[in-house]
Structure formats: structure tokens, C-alpha cells
2 protein chains.
Amino acid sequence: MVIQANQYKIITDDTWSASLNRFLQQHPPSSCFILCDENTLQHCLPSLITSCPLLAEAEIIEVEAGEQSKSLEIAAQIWHTLSEAQADRDMLLINLGGGVVTDLGGFCASVYKRGVNFINVPTSLLAMADASVGAKNGIDFAGIKNMIGTFTEPVAVFVNPHFLRTLPQNQIMSGLAEVYKIALVSDRRFWSKLIKQNSQDLPAHISASIVLKNKIVKKDPLDKGLRKILNFGHTAGHALESASFLCNKPLLHGEAVLAGMLMESHLSWQKKMIGKKTLDLITGAFMENFTLPDISLINEADFFRLLQNDKKNKNKQLLFSLLNDIGSCKTNVEVKEPLIKKAFDYYKRQAHDQD
Amino acid sequence: MVIQANQYKIITDDTWSASLNRFLQQHPPSSCFILCDENTLQHCLPSLITSCPLLAEAEIIEVEAGEQSKSLEIAAQIWHTLSEAQADRDMLLINLGGGVVTDLGGFCASVYKRGVNFINVPTSLLAMADASVGAKNGIDFAGIKNMIGTFTEPVAVFVNPHFLRTLPQNQIMSGLAEVYKIALVSDRRFWSKLIKQNSQDLPAHISASIVLKNKIVKKDPLDKGLRKILNFGHTAGHALESASFLCNKPLLHGEAVLAGMLMESHLSWQKKMIGKKTLDLITGAFMENFTLPDISLINEADFFRLLQNDKKNKNKQLLFSLLNDIGSCKTNVEVKEPLIKKAFDYYKRQAHDQD
């Protein structure tokens, strides 16, 4: 499938390598760099180079796997590498990895010499189904996720679901959480399909997610309105994720979003936006299809402090994107701390019950 | 005068404060910050706040005056300040200063939470006549000028020529060099006027420069083609500027550009793009109206190494924007090092003769 995003294409079928080869022939970069982590270096780079022999000459930049690489220090190291190689404005950066690599590499490319071309080759389910569309990039800063970044489109995204074979199961489930999210906020039919199939037929789920997210992003490229529905689960989720680093029990992004979605479904119910039946349906589907991550070590005070720094907040109010229904979401819903505390406790009970 | 840039207005007459007040009333930011250096804090901030009482509550962020503040470390400090103040996406940053402050502040704002609003209030002639239009921002990195940055438009630019009264003469002459540049690359009549009036009637020169530069930038917002004519004097100029830091005899930006323009005029002549008469005319005008900066302490090897890292280079060729005539410029002219060496020596002789 070829999905047309704003100014670039996302290729999700077997034509990806032909398309990448064609791109490299038609737009030969002055120099080419591939950003990987140690996992994609080992498991994905060899097959990428086999598929695209033109990349054999590319310089490899390796960062450590994990969220801690989305830092200003690592970004600075990448800029040093590019600058030492005298990479000019016609260079190309290929980001081969999960969301950490595509977010970090996208940010580095978007500001190096005021912007150079980059291509994303996502290797995790999360990066394929979610980060591949939307043009967001960024690094974490001062303990806040994606605090520094830009909206910049890659020149293309090549999705090769074969890379999923090398992924551990927790990474698959983390990515699947974002697929559930896109269904919950925008497409009830896709949700019904998902809760039946769960992790079966991932390539189809990836394409469906991209198509749904792309529709939303096209209407609101700079995240000024509609697009905030994509933040369902993410207000609580980002705070959980950042807090989990502080207690040295890091959650994967999708795990944090899964917990965040359950909390925010509970908030939707407390705000009388969905009924008890819908809350139970969502909770049941999550309990059946996922292992709810353990957040018992997370410091609640950290969590509430981090919530205050969410990018969506205005005038120090806490604003959430909450569900109206399955397949429908309302943005900018103000929620006070006591309700969030109840949602936090609700989640903890569910996770405890599942144990 | 009100000049319409791509998506924002540049106000260069006495209506600027009424216009700023109106903007603040119509788009009240969730929080407001003013970025200054110690000079603009003392000489410009009080009158800005008198003109715009709404700014009395703004939080002041002060950086040291000088190019060394255009660094990743200072940018990180600014992001920390914003983050500690829980500044959200509806904040506003007002950059009150010369090109260092507007470049640094513009960059910080353009990536903080993926982009927040900023207004530029330029206080130097350089920032008024040149940096006020074009949407470029950036910081220096690894010894290279503006290595990291974005193209992001401010929401408005307010030019108040009264601020020039507080500027030392060398700053005025530095700014005037960029005014001469815009005349040299795009408007022979403006050039003729300039060499007669020199630093008389600066407000008129500022407006004329902005109008000329704006025409060019509108045709090429992302610096892909035509806009490169604005780089006349800057290939050699940036390398001189960076090299001058290494020998601890920092040149002002406009001083480096002045020297760069003379070198590149000599290159234009060596490349047979202008005649000897035109070269002499330009050299004569510069000798009469400016004190040519002393570059005798600059290490030539540094200079040539830094030239290699110019953003305009492609495939490791050295590319210049050179004059075809007074008022006309050609981009992407490849020049080999021996010619640059001759131009470098030519400049040194002129500077020596002027002494």
C-alpha cells in the first residue's frame, strides 16, 4: 500500500525497497548516513543494505537503544559526526529504528544546517503504525518527553513488516497499544476487528492505523485542534513514562500509553462522557489482550508534577483528550486532580486484579 | 512603513508600539518572556515596557552580549527557564536585541514544545536591516556559524530606529555593511544613494533594505536558489568570523562580511564576472566609508578549513555567490583555493594601505 501523507509517501508493501532504490538513484545525496541502535544495527541493517546496495557506502551512526538516547547530548554527538564528515545540505539521513531513532534522527536532521533530508525506516510496530505519520520529531529534555522538537516531514517512509520478526513480544504489545488508541479515538469498526484479532495480521493493522492517523494529521498538521484526539491516553501516559524513568523502572512508550488509556477511559466515565458499560468493555478488552504494566513503584507526586508540564495544558489547567464513545474523542477537557487520583487508583486496582 | 513578509508583518515606523499593544491584547499569551542581553536590558527594555505596559509582568531572560551566547549550552539554559516556569504552547517569547538575541531566541522558540510564538524587536542596525526578514534563526555549533537552526517566522517584527541611538559606532558600521550588501546584490540605484549618504538617514536605509531582502526571500523562503545571492560576502565572511574567534580577536558579523565582500568582489573580478573598474569602485567605496577590519591575526589554515564547512558547499566544492555587476549576483560559482588565497591577500593589502 502507498499512503500519501502531506508532502511524502509512506510505502507499506513489498515495493518499499524498489522505491527506496529509485529514490536514491533519482536524488543522489552528497553523503548518506544511517542512524541505528545496536539492535537495528544487528538485526535490520544487513537486510536493508542487501535490499539497497547503494547504501553500502553510507556512514553508520550508532546510538544506544532506549529512550535515554533521545537527549540533547546524543543529538549534539550526531551533529558533531555530521559536521566532522563535512556533511552538506544535500546529505541524507536514514533513520533505521523504532520511535527513539526516528524521533531523534528526525530532529537532528530538521535543524542541521537548518534542515536536511531524512528518510524513516521504522523497525518497531510503534514506529510503523504510529510514528511513521505525523511529521513530529523530538528529544526529551529536563525529564519531559519530546520537550524539544519540530514538525518536519521526512522525504519518505518505508515500512517493512518483516523487521517485526526480530522484535521481542513486549515491543509488539507496546506498539499494539497505539493501534488500539487510533481505533478508540476514530474508528469503532476497526476497534471491533482489533479486539477479535489482537496481534494477528499486524501488516494489515499497520496500514489501517496509518490511513486513519493520516486522515487526522492532514486536517491539522501543526497539532492546533483536531489532532489532539491522538493524545488520548498520552497525557497520563507521558507523565507515567517520565515518572517511570525517575524510579528506574522504565516503561515502554506503548505500555505507558496503555495504562494512560485506561486511566483516561476512567476519566471519560467520571466526566459522564461514556457509560459504565463502555468503560467496562474497554477495560475488559485491555485486560484480555494485554498484560497491564506494573506502576506500583511510580511516585505519585512525580506523576502529578509531570502532568503539569504536558504540552497540551493551557494557563496551568490540566487538559485531556477523552472518549465520547468508542471511535470518538473530545479534546481540551479540563480535569481536576482529585478525579485523576481516582483514575490512577482505578488503574492500579485493575493491574493488581490481573496479577 | 508596514512590510508584509510571508506570514508576518514588519513594522518600521512609529506605529510599532500601538501595533505591539494591539497584538498583545488580541492574542494574550499564557505567559510572556523577554530575552535580552545586558545592553538591551539596560538601554532598551525600560522604553519597551513604557511603550507596552502589558509587558511589565513578563519574565526577563538575560544572556551575555556577544556571539558566544549563540550556543547549545545557552539554548539549553533558556529551555530550562521556560520549562521551570511551566511555559506552555501558548506562551510568547519577545527577543529584544541584536542578531545574536533574535537568532538564539528564534531558534529556542522554534523548537520548544515543537514551536511557540515569538516576536523580534531588533535593537541593532544589523538585526533591523537584515535579520528582521528571512525567518532564519540558529546557533553556532562546533565552531561553525548557524550550524543548527530552523526557518521559522516570528509572529511580527517591530523595528524602532530610536534604539540605534544607544549603539556604539562600530555596531552601526557593522550593520551598514549588510545594507551595502543588499544594494550590491540587488539594486544599483540604492547602492549609488548609499555611497553618497553612507550612515545618514538610517531609518530610510533600514526600510529600503527590508523591502529589497523581502522581495528575494518571498521568492525563495527555504534558501534553495535565488536567495543564495544574499550570501555574497558571507562565504569568506563566515569563515573569517569563526576564525576570528579562534584567535581571540572576534570580528563583528558585519565587519567579517565587509571583509568577505571585498574578498569576494576580488573573486568576481578574478572570475572575469566584473571588470577592474567595478572592483576599484567597490573597493574605493568601502575604503572611504568604512574602517576595514584588521585580520592580520587570523590563521589562514583555520580560515580555509572553515570555508570547507560552509552550508552552501556541495560535494566538497567551494561555492560562492559572486557579483556580475553592481546590483546583480550569480550563485553557485565554484572557486578553487588558489584564487581565494589571492583574494585574501588583496584584502590584507587594502586594509594595510588604509592604516
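The values are calculated or read from the model by the stated rules, or taken from the named source; none is laboratory data. Predicted model only: the values in this text are computed from it and were never measured. Glycine gets a Cβ as well: all are built from the backbone with ideal geometry, and neighbour counts include every protein chain shown.
As for the range B:221-236, it holds no residue that is of a type in the set (V, I, T) and over 15 Å from the mean Cα position of the chain (by Cα). A:L322 meets each of the listed conditions (1) surrounded by 21 or more Cβ atoms within 10 Å (Cβ to Cβ); (2) at positive phi apart from (2).
The requirement of being in contact (Cβ under 8 Å) with a residue 40 or more places away in the chain and outside any helix (DSSP H, G or I) is fulfilled somewhere in the range A:209-222, by at least one residue.
The condition (being at pLDDT 95 or above and either within 14 Å of chain B (Cβ to nearest Cβ) or touching a Ser or Thr at 6+ places or on another chain (Cβ under 9 Å) (or both)) is satisfied by just one residue among A:L82, A:L55: A:L82. In this structure, B:A109 does satisfy being within 13 Å of chain A (Cβ to nearest Cβ) and closer than 27 Å to B:D13 by Cα. Scanning the range A:12-22 for residues that are of a type outside the set (D, E, K, R) and surrounded by fewer than 21 Cβ atoms within 10 Å (Cβ to Cβ) returns A:T15, A:S17, A:A18, A:S19, A:N21. Screening the candidates B:S199, B:S174 for the property of being in contact with a helix residue (DSSP H, G or I) (Cβ under 7 Å, 6 or more places away or on another chain), on the phi < 0 side of the Ramachandran plot, of a type outside the set (D, E, K, R) and not in a helix (DSSP H, G or I) yields one hit, B:S199. Within the range A:223-243, the set of residues being assigned to a loop (DSSP other than H, G, I, E, B) and either at pLDDT 95 or above or over 16 Å from B:R114 (Cα atoms) (or both) comprises A:F232, A:G233. Scanning the range B:129-152 for residues that are crowded, with 23+ Cβ neighbours inside 10 Å and either closer than 14 Å to B:L212 by Cβ or among the acidic types (D, E) (or both) yields a total of 5. The set of residues in the range B:5-40 that are assigned to a strand (DSSP E or B) and not charged (D, E, K, R) comprises B:I10, B:I11, B:C32, B:F33, B:I34, B:L35, B:C36.
Within the range B:112-130, the presence of a residue that is part of a helix (DSSP H, G or I), of a type in the set (D, E) and free of Cβ contacts under 8 Å to residues at least 12 places away in the same chain is excluded. The set of residues in the range B:295-351 that are touching a Leu at 6+ places or on another chain (Cβ under 7 Å) and without any contact (Cβ under 8 Å) to a residue 12 or more places away in the chain contains only B:N313. Residues of the range B:58-79 that are more than 14 Å from chain A (Cβ to nearest Cβ), among the small types (G, A, S) and in a loop (DSSP other than H, G, I, E, B): B:A58, B:A65, B:G66. Scanning the range A:85-103 for residues that are within 14 Å of chain B (Cβ to nearest Cβ) and not hydrophobic (A, V, I, L, M, F, W, C) yields a total of 5.
Every listed requirement among (1) closer than 15 Å to B:L318 by Cβ; (2) over 20 Å from the mean Cα position of the chain (by Cα) is met by B:K272 save one, (1). The helices (runs of 4 or more DSSP H) found wholly in the range B:269-355 and carrying at least 1 residues that are closer than 29 Å to B:L222 by Cβ and in contact with a Gly (Cβ under 8 Å, 6 or more places away or on another chain) occupy B:300-307.
Taken over the range A:303-335, the residue count meeting the criterion of being at pLDDT below 95 and away from chain B (no Cβ under 14 Å) is 0.
From the list B:K330, B:K348, the one residue that fits, being of a type in the set (K, R) and either under 23 Å from the mean Cα position of the chain (by Cα) or surrounded by fewer than 16 Cβ atoms within 10 Å (Cβ to Cβ) (or both), is B:K330. Does the range A:290-313 include one or more residues that are over 29 Å from A:L212 (Cα atoms) and among the hydroxyl-bearing types (S, T, Y)? Within the range A:290-313, one or more residues are over 29 Å from A:L212 (Cα atoms) and among the hydroxyl-bearing types (S, T, Y). Residues in the range A:51-70 that are closer than 25 Å to A:S174 by Cβ and either of a type in the set (V, I, T) or touching a strand residue (DSSP E or B) at 6+ places or on another chain (Cβ under 6 Å) (or both) were compared, and the one that is surrounded by the fewest Cβ atoms within 10 Å (Cβ to Cβ) is A:E62. Consider the range B:192-216 and keep the residues that are within 26 Å of B:S268 (Cα to Cα) and over 19 Å from the mean Cα position of the chain (by Cα). The one that is surrounded by the most Cβ atoms within 10 Å (Cβ to Cβ) is B:I195.
Quick check: anything in the range B:87-94 in a helix (DSSP H, G or I), among the hydrophobic types (A, V, I, L, M, F, W, C) and free of Cβ contacts under 8 Å to residues at least 60 places away in the same chain? For the range B:87-94, residues in a helix (DSSP H, G or I), among the hydrophobic types (A, V, I, L, M, F, W, C) and free of Cβ contacts under 8 Å to residues at least 60 places away in the same chain: absent.
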